[in-house]
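What follows is a single structure, written as structure tokens, with notes after it.
The values are calculated or read from the model by the stated rules, or taken from the named source; none is laboratory data. No experiment lies behind these values; they were computed from the predicted model shown. We place every Cβ from the backbone using ideal geometry, glycine too, and count neighbours over all the protein chains shown.
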Amino acid sequence: MNDEGKYVMFLAQYIVGLTEGEGCFLVVLRKNNRIDLRFFISQAIGNKPLLESIQQYFGIGSVYQKKSAKNGRLPAYVFEVTKRDDIYNVIIPFFQKHKLLGYKAKSFEAFCSIAEVVKGRQDIRKLTKDELKYITEFKLSMNKHYGSPGAGKPHAGAGTRNNLDEAQSVKSAKLGAAESRRLREKLNPAMRIKS
């Protein structure tokens, strides 16, 4: 393998590791009924060139500075991908090829499941009641596990560049494991996620 091939492989694995620690797969159900699929990685302000390298590697997304630091958090930069085509054609295939190994793999699995259900439909009103319930359940299970106890949600407030509406809190009864499995199989029999 030539030196350039080694660099590309190293960068891919580096992106996976960075995503494990500082990345987020996010599903947003907005007040205007839109469904957003987003991927981002946050870094301290001095690491902007690192995020620009990731943007260059993927050839998509944007790098921007988060709005002012809140609650004692330091200012940061974010690499973010929000275009549906880029999520489906670049981000999902990348992480299917370069596997996440930690808790973030569970968030990615849920993200992919939701992406499959909403494919071609960007409006909540185009989903069935069962599909919306399914998405809400999986959305609530995402991005739960962060490093140290009491770390909270380190990415809270990220992705505000486009002045997005606050995520709509879709409340539904928590489903039991059996009902969850039944719902997944009903919506997509080929998608039998290991529970």
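The residues of the range 27-36 that are within 20 Å of residue 85 (Cα to Cα) and either at pLDDT 95 or above or out of contact with any helix residue (DSSP H, G or I) (no Cβ under 8 Å at 6 or more places or on another chain) (or both), listed by number, are 28, 30, 36. Among the criteria (1) more than 19 Å from residue 34 (Cα to Cα); (2) among the aliphatic types (A, V, I, L, M); (3) modelled with pLDDT under 50; (4) buried (at least 19 other Cβ atoms within 10 Å of the Cβ), the one residue 158 does not fulfil is (1). Applying the criterion of being out of contact with any strand residue (DSSP E or B) (no Cβ under 7 Å at 6 or more places or on another chain) and polar (S, T, N, Q) to the residues of the range 79-106, the residue that is farthest from residue 38 (Cα to Cα) is 96.
Taken as a whole, the condition of being of a type in the set (Phe, Trp, Tyr), under 16 Å from the mean Cα position of the chain (by Cα) and more than 11 Å from residue 25 (Cα to Cα) does not apply to residue 134.
When the test is whether a residue is in a helix (DSSP H, G or I), within 13 Å of the chain's Cα centre (by Cα) and modelled with pLDDT of 90 or more, residue 54 does not pass it. All of (1) assigned to a helix (DSSP H, G or I); (2) surrounded by 14 or more Cβ atoms within 10 Å (Cβ to Cβ); (3) modelled with pLDDT under 95 hold for residue 15 with one exception: (3). Being out of contact with any Leu (no Cβ under 6 Å at 6 or more places or on another chain), under 27 Å from residue 110 (Cβ atoms) and modelled with pLDDT under 95 is a property that residue 8 lacks. Could we say that residue 146 is under 16 Å from residue 15 (Cα atoms), surrounded by 12 or more Cβ atoms within 10 Å (Cβ to Cβ) and modelled with pLDDT under 90 here? It is false that residue 146 is under 16 Å from residue 15 (Cα atoms), surrounded by 12 or more Cβ atoms within 10 Å (Cβ to Cβ) and modelled with pLDDT under 90.
Residue by residue, here is whether (1) in contact (Cβ under 8 Å) with a residue 60 or more places away in the chain; (2) assigned to a helix (DSSP H, G or I); (3) among the polar types (S, T, N, Q); (4) more than 26 Å from residue 130 (Cα to Cα) holds:
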{"position": "37", "(1), (2), (3), (4)": "yes, no, no, no"}
{"position": "60", "(1), (2), (3), (4)": "no, no, no, yes"}
{"position": "74", "(1), (2), (3), (4)": "no, no, no, yes"}
{"position": "79", "(1), (2), (3), (4)": "no, no, no, yes"}
{"position": "107", "(1), (2), (3), (4)": "yes, yes, yes, no"}
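Screening residue 67 with (1) charged (D, E, K, R); (2) out of contact with any Leu (no Cβ under 8 Å at 6 or more places or on another chain); (3) under 30 Å from residue 129 (Cβ atoms); (4) surrounded by fewer than 17 Cβ atoms within 10 Å (Cβ to Cβ) gives one miss only, at (3). Residues of the range 114-126 that are touching a strand residue (DSSP E or B) at 6+ places or on another chain (Cβ under 8 Å) and either assigned to a helix (DSSP H, G or I) or more than 14 Å from residue 36 (Cα to Cα) (or both): 114, 115, 118, 124.
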